[in-house]
Each structure stands twice: as structure tokens, then as C-alpha cells.
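In what follows, a structure is listed as C-alpha cells, so that the remarks can point back to it.
The values are calculated or read from the model by the stated rules, or taken from the named source; none is laboratory data. All values reported here derive from a predicted model rather than from experimental measurement. Note that each Cβ is placed from the backbone with ideal geometry, even for glycine, and that neighbours are counted across all protein chains shown. In case anyone asks, the SASA skips ligands and DNA or RNA and just uses the protein heavy atoms, side chains included. Shrake-Rupley method; radii C 1.70, N 1.55, O 1.52, S 1.80 Å.
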Amino acid sequence: HVPPTCFACCPCRFRRRGCCVEVAVPRIAPGSGVLRGSVATTAPRFMVAGTEHGGRPTYRIVRVCILVAVCALFVCGIFFQRNLWAATPHGDAVAVPLVPPKAETPLQAQRQEALDEEAAEAEEGETLQGQSQVSFWEQSATSEDSLYGVARPLPTADLSSANLKPVASCGALNALPLREPQEFQTIDNSGRVPNIVHFVFGSSDSRGGSAEFTFLNYLAVISALTVQRPTAVMAHCLLEPVGFFWDLVKTRMTVVQRRDLHSIFSNEISVAAHKVQIIALEALIQHGGIYLGSDVVTLRPYDALMDHDVVMGRGGAGNTTSFSTSIILASPGARFLWLWYDGFMEYSSATWQKQSATLLAQLAKSNPHLFFAADPHLLSWPHHGGAADTTDFSGSYAVHISRRHLGHKEFSSFGMTWVFRCKHALASRLKAFVPDPLISVVVPCYNQPEVIHESITSVSEQIFPNWEVIVVDDHSPDDCMGVTKRWLSSRGPKNDTSRIRILQTPENRGLAKARNFGIEHARGHWICALDADDTIKKEYFLGAVEAMSQDPMLQIITSSQEFFGESNWQWEIREFSIRVAQNSGPLPVMSLYLRSLWEQVGGYSSALPWGNEDYDFWLKLAGLGVRAHILPSKLVRYRYKQQSMMRDSVKFVGEERAMLHTRHPHLYAEVELLVAASKVMDMCDETRNRLQSMEINKALLEEETLYISFWLALSDLRRRALVSAALRFRASMQLTALGWLPRLFFLVTMCEMKGPEATASSMSHFVSQYPDVNRTSNFQSYDTNCRRAMYLPKGPPRHDL
């Protein structure tokens, strides 16, 4: 019998870690069937008063009971001896194994196994010496097993910051395969901190954390890349970061997917900040390097601190009991990190202060040879109450701009505009990290040399300075390029003209291709297509930059437009959505958009006969479901002229709008597309002649040529040129973007050529494949309405078609 009190006396460290429970029990002598020590080896002689051997039956009953008890004890002893208890010397402790807690990561399992071995050695009387402990740390540090559930390893070859590529695209983060252990780089435990930078992004918790990548996160990454020049930057992601600023830096980092941590050593984790610290510890234990918080901006290299095993900054001036965990430098497998990691066996979200501060201070005090505490002004914010405008940052390695600091008055509007407009001492240090150029302004020029200087001047007067201007001379006959160069040279040395470039196309390509040509040579991440006769106000870029700092998810930024010249009309822009793009027309041409969007939709199209390439471009973006922001003021200005290309094409606007609808069939209902096709059939001769000349233009892309073929085929069908219509419809069926339109009208053409009986089965198949088209009233009354409009003889009923 093992009393329950024996379990209470086991050493606390083993019971809490779940390794084993130790109890002291007597030993059963093998084969004897009786217990030694506390139980007599021979049965006692029970005497009942007034009886002897062979006395009254009462004695025999007692003797039988004793015999049964001894036999039962014998059987129990044999059972425990063979199945549960180890045969140990008299009085030795017996280990009763318990079920260990489930390890959340391989590192936890590795650490638990090591602690089990320590316990076994300690109970055998072999006290673990310092040398054997160091060998364990080294053995753990050199393990090739991954510390991560799913990870992207460092390449075994030397890395250079210029050649860093992402291990995986962001969109595939949640589907990365498991890696074999031998694929991971073996840890170098030489003692020096390797020049590898670690970040942890995308942490979330029940309080609504997100993976939004802000301007401050961008500053943290770009400053580390620029100042420290690491051999690799590892971004450990619980969730895939999103936003414009993430797109700027993700190609320069190695993306490591981490499974979300729910527990550590069977202790539940519910706070995002706690997960981040655990992930950072695991990354440093395996790889070593420099862990930087996502709100830490590096100001100078950490080289002078990289000869220590572990380096952290103190929590504040004169504070010797707390440390900042936003910056940690550590060699691979540093023992101090293992000791810190062991402390998470006592983890509780309610006692995080003890885990993060008290335990860390105790470890630093008891292991001063394993830990270097830097002065707070080196690795943390110089003053926890905020920094004055004149604070000297020359001696600081980094600055930690936490939420507490962002709540101060001087940082209430922190963002790119704050960097350029605030007179704070830190702002001047951060200007170098803002992308330059951030905005590329593309100005196509053709026969407009007298006004182009107004357009360029409006850009050069912008309050936000990180822009560039690309003037594209579309082979203009009036030497637009030479006129612009002479005007720039006349501005004198006081004006910065280094941000203005002038390019020339080899031949006249038209407005759409001239814009594409300029954007191909742009270096900015945002694009502004500015016509040579339009202007923008000086606050435009500043307002746009403030908006993108506040909302990194923005993809389009625009404002309402005012007209000047021969009209003073005001154009109010209230929202940008698919509905608005369909019904109310385009955005102002000077709207800002991400260059990645331009690449995604293939740029501006030259397929439309009368321009409207900007309207077509906005419809493409609306189909992507982009996120737009409209600035409150009228910051863009459009020059209105009675004689212009836009005014000349007004009479063709109906048929060209119909062409736009058929170019984007996924944005419109089936009935709207049938009405649009009917309008295209009615195109005038001028439009048809222009399309025919564009169809044979070899400079056009094949996709654009197929659109033109479809529109001409509709015109051929109206003109009863059935053979030409059939050939063009059949060719345009290769263009999947047109959907069902070319197939339907090809069947109609074949019906007119060969009769309804020849196309009945094909039309029935079409109706079954596109039931939504079949349900439209236009399609159901096709023989009555469309044929009469096309001056065709009335055909058979619809089911015969």
C-alpha cells in the first residue's frame, strides 16, 4: 500500500515538469511473498483469551482470516514487483512515471528530454558538473533538428544582402511543406553573434490583432537592412503580413512560416506579445543573431556588441532590475537563453510580469558571466517619458518607438508626413529610410511644349519631396524634348532638376503606349499619370502620403477635380467602387495608384479607337476590388479646351462606352452586354475605319487585336458580311476575357449562313451552358428584336435556333 502522502513529498521541480514522481516504498523480497522492514516476516501468533493451540473454533476462524490476508498480500506483492515497481535496494526511491505534457514545438520536446536525463543522473548520485552542463548546451545548440513546426531554413551558402530572395511568396505561406532536419543549417556555436536579423510579424490574439504591416514596421526592417547590412533577415510570420509597406521589403527577407503557438509546456498562451517572445527565443537558440522588435529602428551597426553571448538593454536610467526585450543579441544556443526558456515551464498569462521581468532579472543576477546588460540609452528609448526635440541620438544603436511613445503629443501624427514636417531630432534621422522616389509622375507630351512647364512646375512645388518626373516625348514633331530641356536649364542651380528625366519613344505610339513606356522606366512605387497640360496642387502628394501611412492597405488615392482654362466646373468624387466605375465614369487621370496594380492588369490599353484608355484602366482596377481613398480637398486640376482630342471624340462616346462594357463582361449583367453588343453593331464608318487600320497594326498586342476583331465582327454581322464576321468571331473566341459573347454571335452568324437546322444542337448546348443568358428577355425575344434591328428577315422560333 502506498499512501497518498508519499506523492506530496516528491521534489517540486520533477512533479511540475511532469518527468516523474518519486516515492519511497518498502521492497518486496523476491519469492518470499512477504514484506521486509515494516511488516514482520512471520505471521504473529494470535491468542484469544482462554484458548490454546487447537482451542475453540474462534481461534480457527482467526487463523483462517490471517492466512487469507497473507495470501492476498503475497499475490499483490508479486503483481507490483513484476509490473510496476523496479527492484531496488532496501529503502531506495522508486520512480513512478507519469504521462508528460504534450510538447508544442520540437524545441520543447528536446528540452523536456534533456531535463529527464538530468533528473535520472541526479537521482543516481552523479551530480552534474559544470563541464557536463556546457556539453549539453553545445549538444543542443548543434542539433540539426528544426525548432519550428514549418520553417524556411537559412541557405547553407554565404548570403549577401544584394542577392537575398524570398523563400516563398506571401500568398503561399499557409501551404509550405515540412522540411527534413538535414536541410537546416548546422548552428555555429563559436560565441560571436552572427550577423542575422530576426523579426516576428503577424501575431494575433483574441483581442483582435492583425497582420497589417505599418510604416513603423517598414522602418524597422529597412533600417536594419541599410544600417546593419546583415547576411540574412528572417521574418518569422504567424500570419501573412499585408499592405504596401510589406511589398517594399518582403523580397529582401527570408520568410519563415510559424505555426500559431497555443501552449508551451502544456501552459496555454493567449497573448500575442508572449507568443512573439517565445518565437524570438527559439529563433535565437537555433540560429543566433539579432532579434529586433517590429517597432525598433536601427540607427547604427551593432558590431561593437556582437562579441558577447547575450546582450540586452536595461529598462531605464538607473534601473538594474528590469530589461528591455525589444532588442536581443545572442550567439547560437547561448546557455542564458536556455535558462530563460526553461522558465516558461512556470508560464501563466496572469503572471507574465514575473516571467518577463522578475525571472529575467534573477537570471541576469545569478549568471552575470552569461549576460551583458547595456545602458538604456544604447538599446532603448533614452527617456521612457518621451524624448525632447533636441535629444541626441548619436550614441544610440537603436530607438524603440513603442505604443506608449506614439501616445505622446509629439508622436500623435507619426508617419511619413511627420518625418518630413516635424522638427523632432529623430525625424531628421528617419528621413533617409523613406523610399526615394516614392512617387513617379509620368508626363506624356505630344504637340504641347508651350504648357508642359506648368505641369512640371506643379510637381516640383510639392511639399513632399520624394518624387520623380518622367517626361515622355512621344516623337512629337514640335521638338517637345528639346523645348523641355532648354526650359529646365534656364531654371538655374537653385532649382533641383535631378529628379526630372526626359525620354523619347522611337516612333509615335499614342497616349496609352507613351504612358506605359514612362512607367516601365519609373523607379517609384506609386504612379501618377499627369497629362502635359494638367497640374496638381502642392498639397496633393503630402495628403496622399499621410493617407498611405495611416492605412497601408490603400491601393488608389485620388481627390476631387477642378477645371481651369475654358471652364471652371467642379468634379466631386465621392467613392470608387465597381458600381461607380460602371455608371458614373472614371476617376481623374492624375489619381495615384500602386505600380504593382499597373503590372497586374497589363498597363494601359491601346485597343480603343477614341482614347478612353484611363476609363478602361479604372474598370480593370475596379474588377480587382481595390481599396481606394479620396482626399477631402480638390487637389488636381484639369485644363478644359474646346478643341482637344477628348472634345473631338464626344460624338463617339456611346459606341466606345459599349466597347468598354464588352471588354469587361464580368462587371456587367447579361442583358447589359447584349445591349452593348447591339450598340457596337451600329458603329459609324469613322470608328470602323479606325478599327480596321488598328487591326493591321503590328505594334499592337495580340490580345488587343482580338478585341478589335470582335468589334469589327459585330459590325460585319450588321452589314451582312457573314463570312468575314464568322472568321473574326471564331478568332476572338480565343480571348477568354470576352466570355460567352463571341461564341453566341458566332452561332448567330452560322445560323444566317447555313440555316437554323445546322446550328440547332450547338445553340441548345449554349443555352444549357449559359442559363443566365437564356433567361434574359433580350435573348428570349432575339428573333423579334435583334433581327428586326439588323434588318434581317424574321427567323424561326428560339428553340429552333
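Compactness of segment 600-732 was expressed as the Cα radius of gyration divided by 2.2 N^0.38 Å, which yields 1.15.
Applying the Karplus relation 6.51 cos²θ - 1.76 cosθ + 1.60 with θ = phi - 60° to segment 414-431 yields 3J(HN,Hα) values of 4, x, 5, 5, 4, 4, 8, 9, 7, 9, 5, 4, 6, 4, 5, 6, 8, 4 Hz, where x marks Gly and Pro. What part of the accessible area of segment 590-699, given as a whole %, is carbon or sulfur when the probe is 1.4 angstrom? Of the solvent-accessible surface of segment 590-699, carbon and sulfur hold 49 percent.
How long are the three semi-axes of the equivalent ellipsoid of segment 553-669, in whole Å, if each is the root of 5 times an eigenvalue of the C-alpha gyration tensor, listed from largest down?
Numbers: eigenvalues 93, 80, 32 Å².
Ellipsoid semi-axes (Å, largest first): 22, 20, 13.
Per-peptide packing, taken as the mean over residues of other Cβ atoms within 10 Å, places 281-293, 658-670, 704-716 in the sequence 281-293, 704-716, 658-670 from highest down.
The overall shape of segment 578-622, judged from the alpha-carbon gyration tensor, is oblate: a/c is not under 1.5, and a/b is no greater than b/c. Note on ARG335: accessible area approximately 60 square angstrom, rounded to 10, probe 1.4 Å, nucleic acids and ligands left out.
Separation of the alpha carbons by more than 24 angstrom is noted, of LYS620/LYS679; LYS513/LYS679; LYS651/LYS679; LYS250/LYS537; LYS538/LYS651; LYS250/LYS275, for LYS513/LYS679; LYS250/LYS537; LYS538/LYS651. Given segment 621-694, report the % of alpha carbon pairs whose separation exceeds 14 Å. Cα-Cα pairs of segment 621-694 separated by over 14 Å account for 73 percent. Summed over the residues of segment 493-600 and divided among them, the accessible surface reaches 43 Å² per residue at a probe radius of 1.4 Å. Working note: Debye formula, equal point scatterers on the alpha-carbon atoms of segment 268-332, no solvent; log10 I(q)/I(0) at q = 0.27, 0.29 Å⁻¹ is -1.30, -1.33.
A simple rule links phi to the HN-Hα coupling: the Karplus curve 6.51 cos²θ - 1.76 cosθ + 1.60 with θ = phi - 60°, which for segment 475-488 gives 6, 6, x, 9, 6, 4, 5, x, 4, 5, 5, 5, 5, 5 Hz, with x for Gly and Pro.
Determine the share of segment 420-483's accessible area contributed by carbon and sulfur atoms, expressed in whole percent, with a 1.4 angstrom probe. Ligands and nucleic acids excluded, carbon and sulfur reach 51 percent. Under conditions of 20 °C and 1.002 mPa s, segment 425-548 yields 143 µm² s⁻¹ as its translational diffusion coefficient, taking Rh as the Kirkwood radius over Cα pairs in the Stokes-Einstein equation. Quick one: grab the alpha carbon gyration tensor of segment 519-586, order the square roots of its eigenvalues as a ≥ b ≥ c, and give me rounded if a/c is under 1.5, else prolate or oblate depending on whether a/b is larger than b/c. Oblate, since a/c reaches 1.5 and b/c is not below a/b.
Accessible surface calculations at 1.4 Å, restricted to protein heavy atoms, place segment 437-485 at 29 Å² per residue.
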